[in-house]
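Notes to accompany the following structure.
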Amino acid sequence: MPRMFVPGPVDVNDEVLHAQTQPMLPHRSQEFEAIFRRASEKAQELFFTQQRVFLSASSGTGLQEAAIRNLVDRRVLSCVNGAFADRWYEVAVSNKKGVEKLAFEWEQPVDPERVAAAVEKGKFEALTIVHNETSTGLQNPVKEVAAAVRTVAPDTLILVDAVSSLGGAKIETDAWGLDMVLTSSQKALALPPGLALAAVSDRALEKAKTVENRGWYFDLVRMEKHRLKDSVPATPAISLIFALDHQLDRILAEGLENRFARHSALAKRVNEWAESQRLSLYAPEGFRSQTVTTVKNERGIDVSDLNIFLKQRGMRLANGYGPLKNDTFRIAHMGEIQMEDLEELFAAMEEYLKQ
Ligand SMILES: Cc1ncc(COP(=O)(O)O)c(C=O)c1O
């Protein structure tokens, strides 16, 4: 199996790839509905929720748009400390919602107290926050932000992008009081791209019923009506749902806590390795991602050239994202990556760096 240390799409296990080759079923059939229900119920465990999980034939950005279209009528606060948080802000702008950007330095986590102060002042219906900024390798303190907001504005909905962390880091949707947590298939879940998942709270769904212009394809109220019949309004991504069903069995067999611990140990190892190579990490200690590490390219490594070298050994990593393109590179350790894969990567990188 090749090893892609890139933050998505990541390598997919052969059995999971194979699960997609099952013969098609009519989606309005009892056989398919049973698989859909089974996969949705297993996904609830992943999101730590007793509430619903939607399966959408789109990538994660589709659900960023769904969150804005359904859960914001007038005003939303967008917490921004990275490229993907900024995209969510742009999604709100392009949907003509009244959106206020609460910007932080990209090297700093979102500060719960500043968010609470902004929410108290601004009377927002919802706020958006990215749990795991894939551009900076920073994990935001979503639990603390949600708790701080709850004390000053209990009705403000908390909308969380967990695209590159759900399934790799523990996110307790219900216990933390989150209203929408969305993710994509091609990252920590180690599935092919094309499927997005979101846990949505009851109160978020009630809010959606009051919002006009929700659109059609991503109308959560319509999606809920169909979900209650183990289906979706339009044709589902059937092959990907076969793969999801199988992959969730594998994830639950590994054990969620074991899986989170594996990613955490991998993150720690990348941290130590970078230090040993006189390279520092972009995100501050205490807020580093469990699934992707952004390394400051202080040694001026030519990442394209490094990747040519690594590809000959069946591996690749990622350069920086957006404005960090040339100043950083990223080592993802999500999905199927094991410690021995990482050791192989480091051995190859050390060989390259010695040249
Ligand atoms: C944190 C984050 N949010 C959103 C996205 C967009 O997801 P998708 O490409 O599945 O639409 C990405 C993609 O890398 C991401 O890392």
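Return the sequence-ordered ³J(HN,Hα) values of the stretch 6-19 in whole Hz as given by the Karplus equation 6.51 cos²θ - 1.76 cosθ + 1.60 applied to θ = phi - 60°, using x for Gly and Pro.
Rounded to whole hertz, the list is 10, x, x, x, 9, 5, 10, 4, 4, 4, 6, 4, 5, 4.
Can you work out ³J(HN,Hα) from phi for every residue in the stretch 244-252, in order, using Karplus 6.51 cos²θ - 1.76 cosθ + 1.60 and θ = phi - 60°, giving whole Hz and x for Gly and Pro?
Computed from phi, the couplings for the stretch 244-252 are 4, 4, 5, 5, 5, 4, 5, 5, 6 Hz.
Quick query: amide H of Thr328 versus all other amide H atoms, modeled in the peptide plane; which residues come in under 5 Å with a sequence gap of 5 or more or a different chain?
Correct list: Asn297, Gly320.
Can you give the relative contact order of the stretch 273-355 as a percent, counting alpha carbon pairs under 8 Å and 6+ residues apart?
The value is 29 percent.
Rounded to the nearest 0.05, what FRET efficiency do Glu336 and Lys209 have when you use their Cβ-Cβ distance and R0 = 51 Å?
0.80
What does the charge dipole of the chain about its Cα centre add up to, to the nearest 20 debye, if the Cβ of each Lys and Arg holds +1 and the Cβ of each Asp and Glu holds -1?
That gives a dipole near 860 debye.
What number of lysine-lysine pairs in the stretch 132-242 show an alpha-carbon separation below 18 angstrom, given a sequence spacing of 8 or more or placement on distinct chains?
The result is 4.
Highest first, please rank the peptides 87-93, 281-287 by the mean number of other Cβ atoms sitting within 10 Å of their residues.
Working: 87-93: 20.0, 281-287: 16.0.
In descending order of packing, they fall as 87-93, 281-287.
Using DSSP, restrict attention to beta bridges with both residues in the chain and report what percent are antiparallel, rounded to the nearest 5.
Of the beta bridges lying entirely in the chain, close to 50 percent run antiparallel.
On a full-extension model of 0.36 nm per residue, what is the gain between Glu120 and Gln22, subtracting their alpha-carbon distance, rounded to one decimal in nm?
30.1 nm
What full-extension length gain, to one decimal in nm, is calculated for His226 and Asp174 as 0.36 nm per residue of separation minus the Cα-Cα distance? Kindly include the intermediate steps, with their values, before the conclusion.
Working: separation 52, 0.36 × 52 = 18.72 nm, distance 2.27 nm.
That pair, His226 and Asp174, stretches by 16.5 nm at full extension.
Please list the non-local residues whose amide H lies under 5 Å from the amide H of Asn132, H modeled 1.01 Å from N, same-chain partners needing a gap of 5 or more.
Asn140, Val163, Ser164
Readers should treat all values here as calculations from the given coordinates under stated rules, not as data from a laboratory. Since this is a predicted model, take the numbers as computed values, not measurements. Here the Cβ is made from the backbone with ideal geometry for all residues, glycine too, and neighbour counts use every protein chain on show.
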